[in-house]
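S.K.: Below you'll find the structure I mean.
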Amino acid sequence: METPRPIADSSSALGPLEKQVLQSVWALGTATVREVLAQGSLWQTYPTIMTTMDRLFKKGLLDRVPDGRAFRYSARFSPAELERATAVNSMRQLLASENASLHLSYLVEAVGEQDSKLLDELLTLVERQRAELKKGGGQ
C-alpha cells in the first residue's frame, strides 16, 4: 500500500467533485475508477475521476493498493471521522491565531443563537474538559 499524506487542512477544502467521489467510495466500500464510474452517479470522464481519486489519496483521504493495472481505493476515514477531523482542524486554526479569544466569543454567540440548550451542553463539555485537565496534572 502506498503511503499517503496524513489528513490535513485540505480535507476541509474539498471541491464538489471530490465530495461526490468520496461519497461513491464510501457507498462501494472499495472501488477502482471504473467501478466509481459504473455506479452511474458521475458523468465525468475516466481521466477526470482518476485524477480526482489521486488527489484524494494525496490529501490523505483515500488509501490505494494495486489492482491489476489500476488502483483499488478505500476511504481512510468514515464520514463521521472526516467530519470530526475537519471540525477539529478548523478549530485549531482559529485558536492558533492571535484573535483566539475573539473566535471563542463568536463560537459562543453562534451556539447561543442556534439553541440555548446547546449553550448548556457547551458549558457541560467545558466543565468536563476542565476536570479532565485537573486530573491529568493540567491547570
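S.K.: Kindly indicate which of 100, 80, 85, 110 is within 30 Å of residue 17 (Cβ to Cβ), hydrophobic (A, V, I, L, M, F, W, C) and open to solvent by less than 40 Å² (accessible area, probe 1.4 Å).
M.R.: When all the criteria are applied, what remains is 85.
S.K.: Among the residues of region 34-47, is there at least one that is open to solvent by less than 40 Å² (accessible area, probe 1.4 Å) and closer than 30 Å to residue 107 by Cβ?
M.R.: The answer is no; no qualifying residue exists.
S.K.: Same structure again: One residue is enough: does region 120-134 have a residue meeting the conditions surrounded by 13 or more Cβ atoms within 10 Å (Cβ to Cβ) and either of a type in the set (A, V, I, L, M, F, W, C) or out of contact with any Leu (no Cβ under 9 Å at 6 or more places or on another chain) (or both)?
M.R.: yes
S.K.: May I pose another question? Select from region 51-69 the residues that are acidic (Asp, Glu) and open to solvent by 40 Å² or more (accessible area, probe 1.4 Å) and list them in ascending order.
M.R.: 67
S.K.: Please return the ranges of helices (runs of 4 or more DSSP H) entirely within region 52-139 where 3 or more residues are touching a residue at least 24 places away in the same chain (Cβ under 8 Å) and under 25 Å from the mean Cα position of the chain (by Cα).
M.R.: Because the criterion is at least 3 residues that are touching a residue at least 24 places away in the same chain (Cβ under 8 Å) and under 25 Å from the mean Cα position of the chain (by Cα), the helices (runs of 4 or more DSSP H) in region 52-139 that meet it are 79-95.
S.K.: Let me ask something else. Tell me which residues, restricted to region 10-33, are among the hydroxyl-bearing types (Ser, Thr, Tyr), in contact with a strand residue (DSSP E or B) (Cβ under 7 Å, 6 or more places away or on another chain) and either within 30 Å of residue 92 (Cα to Cα) or crowded, with 19+ Cβ neighbours inside 10 Å (or both).
M.R.: Listed by number, the residues that qualify are 24, 32.
S.K.: Further, regarding this structure: How many of the residues in region 55-75 are closer than 13 Å to residue 29 by Cβ and of a type in the set (D, E, K, R)?
M.R.: 2
The values are calculated or read from the model by the stated rules, or taken from the named source; none is laboratory data. For clarity, every value in this text was computed on a predicted model and none was experimentally measured. Positions of Cβ are backbone-derived with ideal geometry, glycine not excepted, and every protein chain shown enters the neighbour counts. We work out accessible area using only protein heavy atoms, side chains counted, and drop any ligands, DNA or RNA first. Shrake-Rupley method; radii C 1.70, N 1.55, O 1.52, S 1.80 Å.
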